[in-house]
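Beneath this line is the structure, given in structure tokens, with notes to follow.
The values are calculated or read from the model by the stated rules, or taken from the named source; none is laboratory data. Please read all numbers here as calculations on a predicted model, not as lab measurements. As a convention, Cβ positions derive from the backbone with ideal geometry for all residues, glycine included, and neighbour counts pool all protein chains shown.
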Amino acid sequence: MQQIFDKANSVLLEINSSAPANNDELEQFRIKYLGTKSVLKDLFGHMAQLPNERKKEYGQLMNTLKAAAENKFEELRQSFQTGKSSKTETPDLTAPGYDIPLGTRHPLSIIKNKMIEIFGRIGFAVVEGPEIEDDWHNFTALNTPADHPARDMQDTFFLSEDKNTLLRTQTSSVQIRVMENEKPPMRYIFPGRVYRNETITARAHCTFHQIEGLYIDENVSFVDLKQCIFYFAQEMFGRNTEIRFRPSFFPFTEPSAEVDISCFVCGQKGCPVCKYSGWVEIGGCGMVDPAVLENCKIDPKKYSGFAFGMGIERITMLKYQINDLRLFLENDIRFLKQFSAG
């Protein structure tokens, strides 16, 4: 009879000292002590062998055993669910670490940095300016007075009722700030975000990025401009790239031109990227208008210069053959993962 009590007490010690370390071991604990064929069921079966005066004592012991098993199981189950272990474990310092996923540069940053690098090789330094501008630097000093029809080409976000404060529509405003405060020679590029009040579509957005360039010195000619653009096009799109200039109009340059490059995708054979024309537009350029030089107190009889502008989104879409401008601002991980940390 005493052997039955001793066996029950031994099982109680086992339960209290048991320490399953994971869910698999916890399940084995449950089967052993709380399952349909558990140790406790066997012990309950010994009740019939005991005299009546000891049955109550044995029953209380068995209830203690069952409660101990149930409490232990529930405590460990909850700790595993919350990730907290009731047992303090020493970490294995020799185990390999977890891989940390690395992010990548945004495609616009990749192309912007590449453009800055290319122009940097031929002496262009980087200058940045404010995105909130005044009318003088954004329009008037650039030969675009209040009644100039060219203002209609750029739907502007004005920030004041008198329309003197606005979000810049072009980084040309930084060119004016440089020319006002420095003396030639000067050779700069001006990367930055610009804003225009346009309907958002696959081909247009209310905010985008530009890189504009400015070179002013004595005896600067259109030939210098052509060679600068030609160098950039070959470095960005490949050594076989050709360029062409189409006459155009910009109020701050004269003469002005749109710049096309030979299609680097199809080799001018015709494809969707070049709309089967063999040529792809990349930006605008021209010789700085003498009136702009005068506005900045630079003598147009002594100095001349050229300016150019390119959309970073435009170059990026061409380089990676992206057909929807909106993808650049949506932070879609599936889209961003396509680009290396270049």
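Conditions: (1) in a strand (DSSP E or B); (2) in contact with a Cys (Cβ under 8 Å, 6 or more places away or on another chain); (3) not basic (Lys, Arg). Asp260 meets all but one. Number of the miss?
Among (1) in a strand (DSSP E or B); (2) in contact with a Cys (Cβ under 8 Å, 6 or more places away or on another chain); (3) not basic (Lys, Arg), the lone unmet condition for Asp260 is (2).
Determine, yes or no, whether Ser256 is among the small types (Gly, Ala, Ser), within 27 Å of the chain's Cα centre (by Cα) and buried (at least 16 other Cβ atoms within 10 Å of the Cβ).
Criteria not met by Ser256.
For the range 269-290, which positions are touching an Asp or Glu at 6+ places or on another chain (Cβ under 8 Å) and more than 30 Å from Asp217 (Cα to Cα)?
Answer for the range 269-290, where residues must be touching an Asp or Glu at 6+ places or on another chain (Cβ under 8 Å) and more than 30 Å from Asp217 (Cα to Cα): Trp279, Val280.
Can you spot a residue in the range 228-238 that is touching a Gly at 6+ places or on another chain (Cβ under 9 Å) and not in a helix (DSSP H, G or I)?
For the range 228-238, residues touching a Gly at 6+ places or on another chain (Cβ under 9 Å) and not in a helix (DSSP H, G or I): absent.
Just to confirm my filter: which helices (runs of 4 or more DSSP H) fall fully inside the range 287-342 and include at least 1 residues that are touching a Pro at 6+ places or on another chain (Cβ under 7 Å) and on the phi < 0 side of the Ramachandran plot?
By residue number, 290-295, 312-320.
Please enumerate the residues belonging to the range 263-282 that are touching a residue at least 40 places away in the same chain (Cβ under 8 Å) and part of a strand (DSSP E or B).
Listed by number, the list holds a single entry, Ile282.
Being modelled with pLDDT under 90, under 35 Å from the mean Cα position of the chain (by Cα) and among the basic types (Lys, Arg), is that true of even one residue in the range 271-293?
Yes, the range 271-293 has at least one match.
Please work out if Asn138 is surrounded by 13 or more Cβ atoms within 10 Å (Cβ to Cβ) and on the phi > 0 side of the Ramachandran plot.
Spelling it out, it is not the case that Asn138 is surrounded by 13 or more Cβ atoms within 10 Å (Cβ to Cβ) and on the phi > 0 side of the Ramachandran plot.
Going by the structure shown, is Leu50 surrounded by 12 or more Cβ atoms within 10 Å (Cβ to Cβ), more than 12 Å from Arg77 (Cα to Cα), without any contact (Cβ under 8 Å) to a residue 60 or more places away in the chain and out of contact with any Ser or Thr (no Cβ under 7 Å at 6 or more places or on another chain)?
yes
List the residue pairs whose Cβ atoms are under 7 Å apart, where the first residue sits in the range 55-74 and is surrounded by 12 or more Cβ atoms within 10 Å (Cβ to Cβ) and of a type in the set (Val, Ile, Thr), the second is at pLDDT below 80 and part of a helix (DSSP H, G or I), and the two are 6 or more positions apart or on different chains.
Thr64/Leu12
Looking at Thr165, is it crowded, with 17+ Cβ neighbours inside 10 Å and either in the same structural domain as Phe230 (by TED's automatic domain parsing) or under 23 Å from Arg326 (Cα atoms) (or both)?
In short, no.
Got a number for residues in the range 202-250 being crowded, with 21+ Cβ neighbours inside 10 Å, more than 26 Å from the chain's Cα centre (by Cα) and of a type outside the set (A, V, I, L, M)?
2
If I go through the range 213-227 residue by residue, how many of them are farther than 13 Å from Phe245 by Cα and either assigned to a helix (DSSP H, G or I) or hydroxyl-bearing (Ser, Thr, Tyr) (or both)?
Here the count works out to 3.
Hey, Gln227 hits all of (1) without any contact (Cβ under 8 Å) to a residue 24 or more places away in the chain; (2) touching a strand residue (DSSP E or B) at 6+ places or on another chain (Cβ under 7 Å); (3) within 25 Å of Ile111 (Cβ to Cβ) but one; which does it fall short on?
(2) is the only condition that Gln227 fails.
All but one of (1) at pLDDT 95 or above; (2) over 19 Å from Ser248 (Cβ atoms); (3) of a type in the set (D, E, K, R) hold for Lys226; state the number of the condition that does not hold.
Of (1) at pLDDT 95 or above; (2) over 19 Å from Ser248 (Cβ atoms); (3) of a type in the set (D, E, K, R), only one is false for Lys226: (2).
So, in the range 109-140, how many residues would count as being over 22 Å from the mean Cα position of the chain (by Cα) and hydroxyl-bearing (Ser, Thr, Tyr)?
So the count comes out to 1.
Select from the range 149-173 the residues that are out of contact with any helix residue (DSSP H, G or I) (no Cβ under 8 Å at 6 or more places or on another chain), under 30 Å from Ile118 (Cβ atoms) and free of Cβ contacts under 8 Å to residues at least 60 places away in the same chain and list them in ascending order.
Listed by number, the residues that qualify are Met153, Gln154, Leu167.
As an exercise: evaluate Phe44 against (1) in contact with a strand residue (DSSP E or B) (Cβ under 7 Å, 6 or more places away or on another chain); (2) of a type outside the set (Val, Ile, Thr); (3) modelled with pLDDT under 75 and give the number of the one condition it does not meet.
That leaves (1) as the condition not met.
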